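Read the structure below first, then the notes.
The values are calculated or read from the model by the stated rules, or taken from the named source; none is laboratory data. As the structure is a prediction and not an experimental result, all values here were calculated from the model. When we count neighbours, we look across all protein chains shown, and the Cβ atoms used for this are built from the backbone with ideal geometry, even at glycine.
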Amino acid sequence: MADVTYRDSVAEGIAREMRRDPAVVCLGEDIGAAGGVFKTTVGLFEEFGPERVWDTPISEQAIVGAAMGAAMTGMRPVAEIMFSDFLACCWDYLANEIPKVRYMTGGQVTVPLVVRTANGGGLGFGAQHSQAVENWALTVPGLKIAAPSTPADVVGLMASAVRSDDPVVFFEHKGLLASKGAPAPDDHVVPFGEAAVVREGGDVTLVALASTVPLALTAAERLAADDGVAAEVLDLRTLIPLDVAAVLRSLERTSRLVVVEENPYQGGWGGTVVSVVADEGFELLDAPVRRVAGANVPLPFADALEDQVIPTVDKVVDAVRSLTTY
Amino acid sequence: MTDATAATGLLALHETMAVIRRTEKAAHDLFMSGLVKGTTHLAAGHEAVAVGARAALRDGDYAFATYRGHHHAIAWGATPEECLAELMQRSTGLNKAKGGSMHLTKAGSGMLGSYAIVGAHLPMAVGAAWSARLRGTDQVAVAFFGDGATNIGAFHEALNLAAVWRLPVLFVCENNFYMEYTPIGSVTAAEHPAAGRAPSYGLPAEVVDGNDVVTVRDAVARAAQRARAGDGPTVLEAHTYRHYGHSRTDPAKYRPDGELERWLERDPLTVSAQRLREAGTSDDDIKAAEDRAAGVVDEAVAAARAAPEADLSEAFTDVWADGGAAWRT
């Protein structure tokens, strides 16, 4: 079968769930007839109509708050926040309301919803439309977090996200939207909390997520060709649940760890990964751990400047070389 | 409705208000004796809004309340014992001692939570109303909120979205004239902080006497009828007054001399007792209802005091729908 884009797979993943379950409804800005500003909801309005695909005003609090109220009362809303930077406009719902309500009511309610959002840099949108903010969600106990790297995983993780009785923040990476891959098989479901070994190798483990997965794979190919180093690449796929067991298993073979993350080094998710490794896998390591992360600056506009501050293949290769010669 | 059945119905509302008043007094006293920790935001004085609204609504309708929400929880069927046990950190608490005073919830009867981030629950009520429409039911959702919430963005986003989607939702403002310690009029550019904003969203609004349970009930009934008929949201602004300060630590010394006393003359229980007498209910019957309420709360205090402390294992339950808290492999 012909390859499909990551972008089309978002709409495909949502459509499969909407066909399966009439409780699934979508809401967000420009998601209806317009098909979304990133064209990730194309075809949904035509197939499911205005009673299941709802255009909203520019009201992020109302979008996510209404999704929460609907989720508490029998629906499975899929809310879109256009750019992940805009999560800050409705952060109360993701920090204080959605993740806490089940706990603080002693389990009286559940909130089965998905908040989808376009995340990350690489498209030259400047500081307020480019940041990778998956670490924001990671600071909040009570949210599940998915961030797929391939078209098939988009569909498979969307299936798990929509079917989950827990709230899920679903990060779709802007830099991957045009990328292509094998289409998802019928009834494809990727469980949360299962990292994928996307390249096997015995010398170093590269832990990646979303945009940094293809980056790590390219770096691994160069390291193999130029240095004879066999890098294993792990795609975490979800941050919560976090498959640290897969990381530790890989380190049993490689003994070297490089985490590749687009969010800023300060407070980035790699810090959580390496803290578990330091605690539970210290004796597996033959070298220090390295984190190739976003720099601790706002995202600059110019492509050349952006390359300075987000992970690149060169930075990953350099980090691995610093460990193999350690 | 005959006068006699109307009086019987009103006596039941009076009794529920008396239960709430006694519960708030008990919460206050238990705090002073060190048995209630953290904070409380007592609703004494606000009883008629919750009880009147509940009387106008049906089983299956949804209610969302604020951190000043004891009266809503009780009006929606939570027992004083469950509420006081929650405040006293007992395992028998309404929220298993994981919520506290600000988060009383009785989801089984449609009271879907008390929220302590001002205004946050208005969009949730909009969502519950949207859900009712999507599921094809004639349920309505009500958000109760204070005057202070009308100056936060979520209030405006909620009213606009509810209006453009014409949803069956009621926005009920309990205007007690103070946002925490500050007079609402001194920080609000509208004379009526809730009702005055409604016309800009094309929504009907009423300002009502929030200390008269019958007035509240009838206004909510009209709004609910409109919502169920598909005519969209209504904003109600119920004028009321809190008898205690904003929270436990607030002695409310900023209130002008005589203001509390003037409002106490219009105490919701005084107003409903007067209505009962006018409808022919005897003083003995009114007193009997109030005595029953006092007895229920006295027993609730004793039961909550005797209940076991919070179950330590509950710290790690209820994060996820599977009941657990696992975050990693």
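Residues that are touching a residue at least 12 places away in the same chain (Cβ under 8 Å) and among the basic types (Lys, Arg) within segment B:256-278 comprise B:Arg266, B:Arg275, listed in sequence order.
Residue under question is A:Gly43, and the condition is that it be of a type in the set (Gly, Ala, Ser) and more than 8 Å from chain B (Cβ to nearest Cβ); does it hold? For A:Gly43, the condition - of a type in the set (Gly, Ala, Ser) and more than 8 Å from chain B (Cβ to nearest Cβ) - is met.
Remark: pairs (first residue in segment A:177-191, within 8 Å of A:Thr5 (Cα to Cα); second residue of a type outside the set (Lys, Arg) and in a loop (DSSP other than H, G, I, E, B); Cβ separation under 7 Å; 6+ apart in sequence or on different chains) = A:Leu177/A:Phe38; A:Lys180/A:Asp3; A:Gly181/A:Asp3; A:Gly181/A:Thr150. For segment B:116-131, the set of residues classified as under 25 Å from A:Val24 (Cβ atoms) and either at the interface with chain A (Cβ under 7 Å from one of its Cβ atoms) or within 15 Å of the chain's Cα centre (by Cα) (or both) consists of B:Ala120, B:His121, B:Leu122, B:Pro123, B:Met124, B:Ala125, B:Val126, B:Gly127, B:Ala128, B:Trp130, B:Ser131, listed by residue number. Only helices (runs of 4 or more DSSP H) wholly contained in segment A:226-325 count here; list those with 2 or more residues that are within 14 Å of chain B (Cβ to nearest Cβ) and either touching a residue at least 40 places away in the same chain (Cβ under 8 Å) or of a type outside the set (A, V, I, L, M) (or both). Fully inside segment A:226-325 and qualifying: A:244-254, A:269-280. Scanning segment B:205-251 for residues that are part of a loop (DSSP other than H, G, I, E, B), free of Cβ contacts under 8 Å to residues at least 24 places away in the same chain and either in contact with a helix residue (DSSP H, G or I) (Cβ under 7 Å, 6 or more places away or on another chain) or more than 20 Å from B:Lys25 (Cα to Cα) (or both) yields one hit, B:Ala229.
Give the residue that is nearest to A:Val101 (Cα to Cα), with candidates limited to residues of segment B:282-314 that are in contact (Cβ under 8 Å) with a residue 24 or more places away in the chain and within 14 Å of another protein chain (Cβ to nearest Cβ). By that ranking, first place goes to B:Glu314.
What do you reckon, is A:Pro148 part of a loop (DSSP other than H, G, I, E, B), surrounded by fewer than 24 Cβ atoms within 10 Å (Cβ to Cβ) and in contact (Cβ under 8 Å) with a residue 60 or more places away in the chain? When the stated conditions are applied, A:Pro148 does not pass them. Each residue in segment B:99-133 was checked for being buried (at least 23 other Cβ atoms within 10 Å of the Cβ) and among the charged types (D, E, K, R), and 1 pass. Scanning segment A:115-130 for residues that are surrounded by 23 or more Cβ atoms within 10 Å (Cβ to Cβ) and part of a loop (DSSP other than H, G, I, E, B) returns A:Gly120, A:Gly121, A:Ser130. Under the condition of being under 21 Å from B:Glu314 (Cβ atoms), over 13 Å from the mean Cα position of the chain (by Cα) and more than 8 Å from every other protein chain (Cβ to nearest Cβ), the residues counted in segment B:101-115 number 0.
Checking each residue in segment B:316-329 for being aliphatic (A, V, I, L, M) and either away from chain A (no Cβ under 14 Å) or touching a Lys or Arg at 6+ places or on another chain (Cβ under 8 Å) (or both) picks out B:Val319, B:Ala321. All told, B:Val142 meets the bar of being crowded, with 24+ Cβ neighbours inside 10 Å, out of contact with any Ser or Thr (no Cβ under 7 Å at 6 or more places or on another chain), under 13 Å from B:Asp61 (Cα atoms) and more than 8 Å from chain A (Cβ to nearest Cβ). Within segment B:155-167, the set of residues being over 18 Å from A:Thr73 (Cβ atoms), buried (at least 24 other Cβ atoms within 10 Å of the Cβ) and in contact with a Ser or Thr (Cβ under 9 Å, 6 or more places away or on another chain) comprises B:Glu157, B:Leu159. For segment A:97-114, filtering for residues that are under 21 Å from the mean Cα position of the chain (by Cα) and in a helix (DSSP H, G or I) leaves 2.
Restricting segment B:220-245 to residues that are small (Gly, Ala, Ser) and over 19 Å from the mean Cα position of the chain (by Cα), the residue that is surrounded by the most Cβ atoms within 10 Å (Cβ to Cβ) is B:Ala227. Of the residues screened, A:Ala182 is not one that is of a type in the set (A, V, I, L, M), crowded, with 21+ Cβ neighbours inside 10 Å and at pLDDT 95 or above.
Among the residues making up segment B:280-329, those that are assigned to a loop (DSSP other than H, G, I, E, B) and closer than 27 Å to B:Thr23 by Cα are B:Thr281, B:Ser282, B:Ala307, B:Pro308, B:Ala310, B:Asp311. Among the residues of segment A:25-39, is there at least one that is farther than 18 Å from A:Lys174 by Cβ, within 11 Å of chain B (Cβ to nearest Cβ) and at pLDDT 95 or above? The answer is yes; a qualifying residue exists.
Quick check, is B:Gly148 more than 9 Å from every other protein chain (Cβ to nearest Cβ) and touching a Gly at 6+ places or on another chain (Cβ under 9 Å)? Spelling it out, B:Gly148 is indeed more than 9 Å from every other protein chain (Cβ to nearest Cβ) and touching a Gly at 6+ places or on another chain (Cβ under 9 Å). Residues of segment B:151-189 that are of a type outside the set (Val, Ile, Thr), under 19 Å from the mean Cα position of the chain (by Cα) and part of a strand (DSSP E or B): B:Leu170, B:Phe171, B:Cys173, B:Glu174, B:Asn175, B:Tyr178, B:Met179.
Set side by side, the residues B:Arg255, B:Arg248, B:Arg217 differ, and just one is basic (Lys, Arg), under 19 Å from the mean Cα position of the chain (by Cα) and closer than 19 Å to B:Leu42 by Cβ, which is B:Arg248. Taking the stated definitions as given, is B:Thr270 over 22 Å from the mean Cα position of the chain (by Cα) and either of a type in the set (Ser, Thr, Tyr) or within 30 Å of B:Leu159 (Cα to Cα) (or both)? No: the conditions fail for B:Thr270. For segment A:82-123, residues that are of a type outside the set (S, T, N, Q) and within 11 Å of chain B (Cβ to nearest Cβ) total 20.
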